[in-house]
Structures are given as structure tokens and as C-alpha cells.
């Protein structure tokens with residue numbers, strides 16, 4: 001850092017986020033509303049980014065100004081990434097697209113890792129089951145959305161452009177070479193209780209309850225196939241499934257590779273609080289992997305416990 005000025009380090013951060021110059025150029029053109037040549041001049045350092053442009057870049061892309069100018073303030077920057085899944089703003093949709101496209105860096109990286117500790121269905125496993133995923137968004141909307149229309153499951157319609165991003169996310173995440181999921185053992189029981197509650201107050205119909213039950217059985221089949229094989233059936237990439245022996249209070253995750261590092265706390269049902277601070281990511285990674293000490297691996301090993309767990313989940317779902 002001593003041999004670099006802050007602007008050099010700032011540009012390094014940009015290239016860490018978008019290693020391909022063409023992609024970085026396009027992202028900057030879109031973000032700052034600049035012509036291509038104007039961006040080129042800034043990247044060549046013929047002209048430096050204006051102060052208001054730097055503020056917009058670091059705010060949007062969650063780059064720490066403290067790190068750029070070499071100050072250790074003792075503060076770790078986090079960014080709340082809100083998304084209205086039913087009626088996203090242009091900015092929210094653009095941020096979602098950017099996050100999904102950044103996962104492309106993981107596809108060909110043999111060092112890539114994804115890990116999630118969860119008390120709700122992890123997105124990489126549940127996102128292909130639309131009715132179950134809609135119910136998760138319905139649960140969020142009921143608690144946090146002021147729009148009365150969203151307080152009926154039948155009214156929950158995920159915009160097609162959002163769901164297509166979910167599917168693109170799924171295609172990218174199954175390409176990660178190593179994935180780890182530590183799940184609360186009551187994960188199916190939680191959703192069954194929620195379905196029964198909303199059914200009891202007439203916000204979920206009998207037919208919708210039946211559809212949810214069918215998809216939950218399909219989700220169990222999918223998760224059991226992953227546990228038996230120890231990999232995603234779509235890609236053959238390694239998946240390690242664990243059951244926690246202690247309760248889990250929320251969903252946490254990280255992605256880690258040479259080109260992309262980030263940690264997330266999944267808050268308020270659907271929103272993410274994220275950080276790309278290297279110290280925080282290192283701590284997150286260590287802490288989350290320590291959770292394995294209070295967990296039992298059920299993928300490829302512990303066949304008896306694996307069979308018993310999935311049999312128990314079928315009994316729970318069948319109670320719907």
C-alpha cells in the first residue's frame with residue numbers, strides 16, 4: 001500500500017470486481033452515464049474520476065473508502081441490499097442482475113466455495129421449486145409489505161424477469177466446485193407450521209396447500225438425491241450437507257474464490273446485508289466452518305441418519 005497511491009488502489013478494486021476490462025467499462029458507462037471514451041480516459045488515468053463519481057461507485061459496489069485511502073477506522077462496512085420481489089424498482093432490479101452476473105466468476109474457478117448456515121431453505125436448493133419459493137416471498141410480504149394485495153398467497157406473482165434471474169443464479173451456483181450447507185434439523189417443520197397457520201386464517205387455500213405439499217415432497221427427493229450422491233445432479237459439483245445439533249437463528253452465507261469474495265446475512269426474510277471486507281470475510285469463513293463441530297454430515301456418509309432424517313421430513317410434510 002505504501003508504494004501505491006490511493007487512486008491506483010481504487011482502480012485495483014474495480015478490476016477485482018470486474019477483471020475483464022470490457023465488462024468494467026460497460027458497468028461504469030451504465031452506472032455513471034458516461035461515454036465509452038470518457039471511461040477509457042479515467043481507467044488510463046488521463047483523467048481521474050470526479051469525487052461524486054467515486055462516491056457513487058463505492059456506494060453502489062460496496063467498496064470501502066477506508067481501505068482505499070489506507071485508514072484503519074476499526075469499522076467494517078456492510079451494505080443492505082433490499083429488493084421488493086413483487087414490484088422491484090429499476091435500481092433494485094439492476095443490483096440483482098449485477099449480483100447474479102458476478103457469480104459467473106465462480107463457474108470456472110477450481111478454488112470456488114459457497115457455504116450457507118440456514119434455518120430456512122437455502123436458495124440454491126429451493127429456488128427451482130416455484131410454489132415453495134413463492135410461499136417464502138408471501139411470508140416475507142405478509143410481515144414486511146404494506147400492500148394489502150400481497151396478504152393472500154394467490155396474489156403473489158413473482159415478475160418473470162425476477163424469476164429468470166433466480167434461475168440464472170441457480171445455474172451459476174451449481175457450478176461452484178464445493179458447496180456446504182449446515183441446516184437446522186427442523187427446517188421442514190418450520191415451513192409446515194407456517195403453511196398451516198396461513199391456511200387456518202384463510203390466506204392459503206386447500207388447493208394451494210396441496211400444491212405446496214407436493215412440492216415439498218419433490219424438494220425432499222431433490223435434497224436426498226444430493227445427499228446420496230454428495231453432489232448436484234445438474235453439474236456433478238461437490239455438495240456437503242450437514243444437520244446442526246443446535247438451533248440456528250438466521251441464514252448466513254459466503255462465496256469465496258480468487259476473483260470474488262463476499263459474506264452475507266440474510267435478514268428480514270428476503271433481504272441481504274453483505275460485506276466484501278477481507279477481514280470480515282476471513283472471520284465469517286472461519287466461524288461458519290466451526291459450525292461443523294456441532295453438526296453431523298449426512299451427504300455420502302452416516303447413511304442410517306440420512307435415511308432417518310429424510311423419512312422424518314416426509315412424515316412432517318405428510319401432516320399437511
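Here, each number is a calculation from the coordinates, and none is a lab measurement. Everything numeric here is computed off the predicted structure, so don't read it as measured data. We place every Cβ from the backbone using ideal geometry, glycine too, and count neighbours over all the protein chains shown.
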Distance in nm between label sites at residue 294 and residue 319, each 7 Å beyond Cα in the beta-carbon direction? 2.4
Fewest to most Cβ atoms within 10 Å: 138, 18 sort as 18, 138
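Restricting things to Cα coordinates, could you compute the convex hull volume per residue of the chain in Å³?
Working: hull volume 46.8 nm³, N = 320.
Spelled out: Cα convex hull of the chain, divided by residues, is 146 Å³.
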Grab the beta carbon distance between residue 245 and residue 89, set R0 = 56 Å, and tell me the FRET efficiency rounded to 0.05. 0.85
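Using Cβ counts within 10 Å as a stand-in for footprinting exposure, how do 111, 131 rank, fewest first?
On the way: 111 11, 131 17.
In increasing order of surrounding Cβ atoms, one gets 111, 131.
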Between residue 12 and residue 56, the two model label points (7 Å from Cα along the beta-carbon direction) sit apart by a distance in nm of 2.6
Value of D in µm² per second that Stokes-Einstein yields for the stretch 195-313, Kirkwood Rh from Cα pairs, at 20 °C (1.002 mPa s): 126
When 276, 179 are ranked with the fewest other C-beta atoms within 10 Å first, the list becomes 276, 179
If you average the C-alpha positions of the stretch 182-239 and of the stretch 292-307 separately, how far apart do those two centres end up, in angstrom? 19
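Please report the projected area of the stretch 254-320's Cα convex hull averaged over all directions, in nm². Walk me through the numbers on the way to the answer.
Details: hull surface 28.3 nm².
Directional mean of the projected Cα hull area for the stretch 254-320 stands at 7.1 nm².
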Based on the Cβ-Cβ distance of residue 206 and residue 144, what FRET efficiency does E = 1/(1 + (r/R0)^6) give at R0 = 30 Å, to the nearest 0.05? 0.70
Here the stretch 162-249 gives, from Cα atoms, an Rg and Dmax in Å of 15.5, 44
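Just to verify a number: FRET efficiency for residue 35 and residue 108, C-beta to C-beta distance, R0 = 22 Å, to 0.05? Intermediate values should be presented prior to the final figure.
Details: r = 32 Å, r/R0 = 1.44.
FRET efficiency, residue 35 to residue 108: 0.10.
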For the chain, set up a Gaussian network in which alpha carbons nearer than 10 Å are linked by springs, and say which option among 28, 260, 103 fluctuates the most. 28
P(r) for the stretch 6-68, please, calculated from all Cα pair distances in 5 Å bins and given in %. 4, 18, 34, 32, 12, 1
Calculated from DSSP helices alone, with each H run of at least 4 adding -39500 (n - 2.57) and the total divided by the residues of the chain, [θ]222 nm to the nearest 500 comes to -16000 deg cm²/dmol
If you build a Gaussian network model of the chain, linking Cα atoms that sit under 10 Å apart, which residue out of 306, 101, 285 swings the most? 101
Subtracting the Cα-Cα distance from 0.36 nm times the residue separation, let me have the gained length for residue 193 to residue 46 in nm, one decimal. 46.8 nm
